[in-house]
Amino acid sequence: MGERKGVNKYYPPDFDPAKHVSLNKYRNSHPLRERARKLSQGILIIRFEMPYNIWCDGCKNHIGMGVRYNAEKKKVGNYYTTPIYRFRMKCHLCVNYIEMQTDPANCDYVIVSGAQRKEERWDMQDNEQILTTEHEEKKQLETDAMYRLEHGAMDQSKLQRAIPTLSNIQEAQSAWKDDFAINSMLRRKFREEKKILQEEEEKDLALQTKANLSIPLVQETEEDRRLAALLKYHSLDSYEDKQKLKRTEISGRSWFPPAQAAGGKATDTLKKLGLAGKVMSPKALAGGSHITISHLGIVRRKSREGPESLCSPGESTEHGARTGGQSRHSAAHGTPQQSSPVASGDVLPAAGTSSTSCSARLSSSLVADYSNSSSDSEVD
């Protein structure tokens, strides 16, 4: 660290390399600065990392493995030639101090005070791990030949039991010995998977574009395929078949409405004319031939050809005679002749007369009068 900080330093004019040797001696300071403030007491400030999980005795909080502290390090003894160091640090959650020291015999750390260890240890022998040879056992192996022979026999029996397991491990490792072939196989597999993913992505994009979806699509599963196979949504007839059937039905339908009962048709006509609620005179009800046009609210529309052109020659002659007589009678009394349609008091001819066909032809020029039927033209 001193070499890292010894670049581009200022050397004062009275600095003498032969006398001061270094700038630290010139300033009477240690290269570690504040970390060496207790070096005279044999204490060095270091950065200590918690070796395992503990519980603080002051605040009873859990301190996880790997938490770092500024700890005071000092030497407290030796295990043979290995020094034993003690570390003293302050809990970051309270004012309690924690002291730990190394245990070279067990290759571990021991809590001296201020905390309790969270027990997560196991027996190495039960876990079939390699055990460290104890000092007494090592000394006995060096001095006692019989014990060394017995120990060797135990090691041979342990080796025989472990040979099948070692063989399986070697066979599993031999499959991965050729690095180039394994790498080629792995890259080939990655390319195939990448091609499959690209095809699925293109299919999903086409489906989203067709259905106008903005949600991501998940991968299909076997359960989804099975359910989709059970559900089938389709019509028995296509759209073209339905349209053809509809056109056939329309073309085969009659142009005229279906025949109805006479009473029902007359009732519907009276309802349309607004006469269903009116009471007619007994005379009109007794003689059906005396029903006038005004009773039905019908007026005659003027025709370009006139009513005479709609009748047959014989009928037109008879009608002309009646009309001419009526005109002469009107002229004799000085009444002006009217060219308007028949007055509202004209009586319809009875059924079976010779003017039935003419009346049937004239009925095409009759229209309904939706005016007030109780006007002065109504005849009792």
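Data for the structure
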{"read-out": "³J(HN,Hα) computed for each position of the stretch 21-37 - Karplus, 6.51 cos²θ - 1.76 cosθ + 1.60, integer Hz, glycine/proline x", "value": "6, 9, 5, 4, 6, 5, 8, 6, 10, 8, x, 8, 6, 5, 6, 10, 5"}
{"read-out": "Accessible surface of Arg148 - all protein chains present, 1.4 Å probe, nearest 10 Å²", "value": "120"}
{"read-out": "Residue-by-residue Karplus 3J(HN,Hα) for the stretch 193-200, coefficients 6.51, -1.76, 1.60, Hz, glycine and proline x", "value": "5, 5, 5, 5, 5, 5, 5, 5"}
{"read-out": "Residues with amide H under 5 Å from that of Phe87, placed H, sequence gap 5 or more", "value": "Met100, Gln101"}
{"read-out": "Spacing of the two label points (7 Å from each Cα toward its C-beta) at Arg226 and Asn24, in nm", "value": "7.5"}
{"read-out": "Per residue, in Å², the accessible surface of the stretch 25-99 once ligands and nucleic acids are set aside, probe 1.4 Å", "value": "65"}
{"read-out": "Listed pairs Lys73/Lys118; Lys75/Lys138; Lys9/Lys74; Lys195/Lys232; Lys25/Lys75 exceeding 29 Å between Cα atoms", "value": "Lys9/Lys74; Lys195/Lys232"}
{"read-out": "Phe87 accessible area, 1.4 Å probe, all protein chains in place, Å² to nearest 10", "value": "10"}
{"read-out": "Net lengthening on full extension, Met124/Lys210 (0.36 nm per residue, minus Cα-Cα)", "value": "24.5 nm"}
{"read-out": "Percent accessible area from carbon and sulfur atoms, the stretch 1-138, protein chains only, probe 1.4 Å", "value": "49"}
{"read-out": "Where Asp224, Asp108 fall by accessible area, highest first, once all protein chains stay in place (1.4 Å)", "value": "Asp224, Asp108"}
{"read-out": "Solvent exposure ordering (accessible area, 1.4 Å, most first) of Glu199, Glu137", "value": "Glu199, Glu137"}
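The values are calculated or read from the model by the stated rules, or taken from the named source; none is laboratory data. Computed from a predicted structure; not experimentally measured. Because the Cβ atoms are built from the backbone with ideal geometry, glycine has one as well, and the counts that use them run over all protein chains shown. SASA here: full protein model, heavy atoms, side chains in, ligands and nucleic acids out. Shrake-Rupley method; radii C 1.70, N 1.55, O 1.52, S 1.80 Å.
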